[in-house]
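Engineer: Structure incoming, see below.
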Amino acid sequence: MLRLVLLGLLFSLALVRSQAQEYSIIDKRAIRYFEEGEDFLQRKQFAEATDKFAEAYSRSKDFYEAYIRHAQVLLSSGQASEALEVIQKGQSRLAITKSDYFRGKMGWLEGQIHLKMGAFQQALNTIQNNQPFFTTDFLASEAYREKKRQLELIAQGLENPLQLRKEKLETPLNQFRLQYFPVLTADGQRIFFTKRDGTSPRDHEDIFYSNLEDGQWSSPEPISLMINTRYNEGTCTISADGNLLIFTSCDTPDSFGSCDLYLTAKVNGTWQKPENMGRNVNSRFWDSQPSLSADGSTLFFSSNRPGGEGENDIWYAERQPDGLWSEAKNVGDNVNTSGNEVSPFVFFNNTVLFFSSDGHEGYGGKDIFLSRYGGYRGFGEPENLGFPINDQNDQVALFITAEKDYAYYTENSYSSGRVDSSFLYRFDFPPEIDLGENIIVTEGRVLNEETGEPVDALLSLVDLDNDSTLYRFKAEGEMGEFIMIYPDKAFSGLYVEKEGFMPKIYNVDRDSLKNRKNLEVQLEPIAPGNYFVFENVFFDFDESSLRPSSVSSLNRLVKFLEKHPAVSILIAGHTDNVGSDAYNINLSRKRAEEVKKFLIGSGISLDRIATAGKGSSSPIRPNDTEENRAYNRRIEVVIQ
């Protein structure tokens, strides 16, 4: 966008001079060539226009307007090297006439050409050296002030560059001419990308994937005939466990607009028929480039629908408890501008949003930015990721692994200013860019304790300090498997629930759930005599009053009893063996009574709740260490 503003200003300055019939020469034939070139330019006949501008300065060597105009058109059409050759030819004539006005215009344009070519230091030097020749009006213009801010950003980036080690992904990946928009599953063992047959808009797009096997990527394969069709499918996002896919499909018979978002699930290892995500998400316009949060609750995407801030904006929709998606909303004007914001990626902690933009201050083209979520305030002021992540070219489609070790992206090669090929790359993600808490990955499966069969349970990670649900995951598939991805918070609980079963409750820290690869959760069917340890109910030492951090578990028990109205329970309190038996029995009974009082206050009928104080009579671990004694100080819920 900054380049277009600059060229627009230079074009308007040249037109003013042309309309007033004031030129640096008096040769009428050269002027006629120039004005014919202007006419071709108005009709967007660029090749014919450049020929006429070249004829103009070939006839009259000091026709500076023609050099400038020719170089502008070449630059705007992606021919930066050719533009530099033309402007330097014009500058060679300035030594003869010593025109400060044209010296300033040509020096400024030369600087923009160096920027477009990525020769940042040379661009800074050129503009600095020609600063004395810029007119007062130009220095006061908004276009100059805007470009000056960009130059200051570039100078800072060159002074403090990020240290990156870029590498092209090895074969058998990158075997096509175009592959882009990489995304990976949470465990990093599978990569998905869009493969395109050629550079023409008519060329076909499909989704391919590859598996990481013994440190090597497998040969890429089409994802599924159920997903890839004769239409264009691509730019996908995958859930943490790899079982939910949202992707873009264009010009399909059931689409609402040019491109729509579709959803499909993997059931027993097979992708199901995709479904259009509906009018709440899709529109009559372009909807594409989805990014799904780690827990599957929020979908970000790019759209050019009305009601936004500019051309393409970042939008989001939230998944409702019934599984349907809310009406899409604009992320807001902190992120979105009058330009283009595309290719969103929400990091695994759900609090950092990456996106590509040409509307914020950048290095040229589209840059990658991040914005941090601030609760009710929404997403905050974007931060440019810096140099050399961003450079003079368009940067899109960044994906960062949960471990924060690598960032995957697409690197393009260009011919005449257009993408000629694209390949998959990665780089070591720089630690200077703060992504918040470390991300924990816990994998396992949920089984019926009596039969060993898989259970499609709901797993909820809860912040025990404020009773807020951080993430929800599901155990699905033939094996009842799940993958949970969540930030490393110091005080959280995990609740595993399925109607008809006793809940399983964990304390993430105490039960050592972090980065477990084989957590096996056994759920007992509801039956008299079955019980579960009521984790995350906390009392102060030698006290029976409930601590505030107990509310989360207590509310879960209320919901369990509401869902199973025929169930009655016994709340049994237990202690360690410190203190007399009589004292421990009395303390454990009082603690059980406190839990009962909370349940009754929450609307559970008194006749469904009994209590008992067991003291230290039923330890689950030997009382030989403080850690074991802590496990023995517990509340159990027994089905009556």
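Engineer: Which angle between 0 and 90 degrees, to the nearest 10, do you get for helix 120-130 versus the longest principal axis of the chain when only C-alpha atoms count?
Structural biologist: Taking Cα atoms only, the helix is inclined about 40 degrees.
Engineer: So what are the ³J(HN,Hα) numbers for segment 503-519, from phi and the Karplus equation (6.51, -1.76, 1.60; θ = phi - 60°), rounded to whole Hz, Gly and Pro as x?
Structural biologist: Per residue, the Karplus-derived 3J(HN,Hα) values read x, 10, 10, 10, 9, 4, 6, 5, 8, 6, 8, 5, 6, 7, 9, 9, 5 Hz.
Engineer: For His564, His574, His360, His70, what's the fewest-to-most ordering of other Cβ within 10 Å of each Cβ?
Structural biologist: Listed from fewest to most nearby Cβ atoms, that is His564, His360, His574, His70.
Engineer: Based on DSSP, what percent of beta bridges with both residues in the chain are antiparallel, to the nearest 5?
Structural biologist: Here the share of antiparallel DSSP bridges comes out near 90 percent.
Engineer: For segment 221-283 and segment 63-123, what is the separation of their C-alpha centers, rounded to whole Å?
Structural biologist: Rounded to whole Å, the Cα centres lie 48 Å apart.
Engineer: Given R₀ = 56 Å, what would the calculated FRET efficiency be for Asp27 paired with Asn125, taking r from the Cβ atoms and rounding to 0.05?
Structural biologist: 0.95
Engineer: Moving to a separate point now. If I model a spin label as a point 7 Å beyond the Cα along the Cα-Cβ vector, how far apart are those points for Val267 and Ser297 in nm?
Structural biologist: Simple spin-label model gives 2.6 nm for this pair.
Engineer: Using only Cα atoms and rounding to the nearest 10 degrees, what angle (0 to 90) does helix 80-97 make with the longest principal axis of the chain?
Structural biologist: Helix 80-97 and the main axis of the chain meet at about 40 degrees.
Engineer: Would you please name the GluC sites (Glu not before Pro) within segment 464-573 that are DSSP coil residues with at most 13 other C-beta atoms within 10 Å of their C-beta?
Structural biologist: In loop regions of segment 464-573 (DSSP not H, G, I, E or B), the sparsely surrounded GluC sites (Glu not before Pro) are Glu478, Glu499, Glu543.
Engineer: With axes computed from alpha carbons, what is the tilt in degrees of helix 64-76 against the longest principal axis of the chain, rounded to the nearest 10 within 0 to 90?
Structural biologist: 30
Engineer: What is the order of Arg591, Arg426, Arg547, fewest Cβ neighbours within 10 Å to most?
Structural biologist: The most exposed by this proxy come first: Arg547, Arg426, Arg591.
Engineer: Using θ = phi - 60° and the Karplus form 6.51 cos²θ - 1.76 cosθ + 1.60, what ³J(HN,Hα) does each residue of segment 455-463 get, whole Hz, x for Gly and Pro?
Structural biologist: Once rounded to whole Hz, the list reads 10, 8, 8, 9, 10, 10, 9, 10, 7.
Engineer: Tell me which aspartates and glutamates have Cα within less than 19 Å of Lys590's Cα, excluding those fewer than 8 residues away on the same chain?
Structural biologist: Within the straight-line cut-off, Lys590 pairs with Glu535, Asp540, Asp542, Glu543, Asp576, Asp581, Asp607, Glu636.
Engineer: Counting other Cβ atoms within 10 Å, which trypsin sites (Lys or Arg not before Pro) in segment 61-108 have at most 13 and lie in a DSSP loop?
Structural biologist: Sites meeting the loop and neighbour criteria: Lys98.
Engineer: Find the cysteines in the chain that fail to meet the 4.7 Å Cβ criterion with every other cysteine, and list them.
Structural biologist: Cys236
Engineer: Could I ask something else about it? For Tyr180, what is the net charge nearby, where nearby means another residue's Cβ is under 14 Å from its Cβ and Lys, Arg count +1, Asp, Glu -1?
Structural biologist: It works out to a net charge of -2.
Engineer: Calculate one ³J(HN,Hα) per residue across segment 244-259 by plugging θ = phi - 60° into the Karplus curve 6.51 cos²θ - 1.76 cosθ + 1.60, and present them in order as whole Hz with x for glycine and proline.
Structural biologist: Here the 3J(HN,Hα) series is 10, 10, 10, 9, 9, 9, 10, 6, 7, x, 9, 7, 8, x, 5, 9 Hz.
Engineer: Among the DSSP beta bridges whose two residues both lie in segment 526-640, what percent are antiparallel, rounded to the nearest 5?
Structural biologist: Here the share of antiparallel DSSP bridges comes out near 65 percent.
Engineer: Right, another one. Using only DSSP helix segments of four residues or longer, with each worth -39500 (n - 2.57), what per-residue ellipticity at 222 nm results for the chain after dividing by its residue count and rounding to 500?
Structural biologist: -8500 deg cm²/dmol
Engineer: Modelling each spin label as a point 7 Å along the Cα-to-Cβ direction, I'd like the Thr252/Gln156 distance in nm, to one decimal.
Structural biologist: Taking the simple label geometry, Thr252 and Gln156 are separated by 4.3 nm.
Engineer: Here is the link list: Lys517/Lys559; Lys116/Lys148; Lys105/Lys147; Lys166/Lys514; Lys166/Lys404; Lys168/Lys195. Which ones come out longer than 19 Å on Cα distance?
Structural biologist: Lys517/Lys559; Lys166/Lys514
Engineer: Then there is this: What is the dipole size for the chain, taken about its Cα centre, with +1 at each Lys and Arg Cβ and -1 at each Asp and Glu Cβ, in debye to the nearest 20?
Structural biologist: So the dipole magnitude of the chain works out to roughly 1160 debye.
Laboratory data are not the source of any read-out in this text; all were calculated from the coordinates shown. Keep in mind that this is a model prediction, so the values were computed, not measured. Note that each Cβ is placed from the backbone with ideal geometry, even for glycine, and that neighbours are counted across all protein chains shown.
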